[in-house]
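Here the structure is laid out as structure tokens; the discussion comes afterwards.
The values are calculated or read from the model by the stated rules, or taken from the named source; none is laboratory data. In this text, all values refer to a predicted model and were calculated from it rather than measured experimentally. Cβ sites come from the backbone with ideal geometry, for glycine too, and all protein chains shown count toward neighbours. Please note that ligands, DNA and RNA were not included when accessible areas were found on the heavy atoms of the full protein model with its side chains. Shrake-Rupley method; radii C 1.70, N 1.55, O 1.52, S 1.80 Å.
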Amino acid sequence: MNPTSRSSPAALLAVNGLLAAVTVLIALVIALEDDLGTPAFLILITADLLAVLGMGVLIGKVSRDATTSGEAAELRHDLRTLDALEPLRTEANDSKQR
């Protein structure tokens, strides 16, 4: 994934917040409407489930991106540490050969 195609976590979390608000509004309509017909009820329940599914997908994406960036930072740190220790390794090999 190239850096230009990545969405910012803040934008994804904002969309997730909007989906949560949509879910609450749909639940309110279902709870407060007295004469809601079966087709309308099924449409609202389906929309509610799709909003919850979308929230799960977005949370998974944010979590996966955070894990990936954390692993990349840890790998960079480990490589810098190994590079810093490399002179000690060559000195130890030189002293063993003598």
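The residue list A92, L25, L42 was ranked by how far each Cα lies along the charge dipole of the chain toward its positive end, using unit charges on Cβ atoms, and A92 comes out on top. Remark: the chain carries a charge dipole of roughly 540 debye about the Cα centre, counting +1 on each Lys and Arg Cβ and -1 on each Asp and Glu Cβ.
As a fraction of the 1.4 Å probe accessible area of the stretch 1-82, surface on carbon and sulfur atoms comes out at 72 percent. Relative contact order, whole percent, for the chain stands at 32, derived from Cα pairs under 8 Å and 6 or more residues apart.
Give the value in nm², to one decimal: projected area of the alpha carbon convex hull of the chain, averaged over all directions. Across all orientations, the chain yields a mean hull projection of 10.0 nm². At a probe radius of 1.4 angstrom, the accessible area of the stretch 1-83 per residue rounds to 73 square angstrom. Principal-axis analysis of the Cα atoms of the chain puts helix 38-97 at an angle of about 0° to the longest axis.
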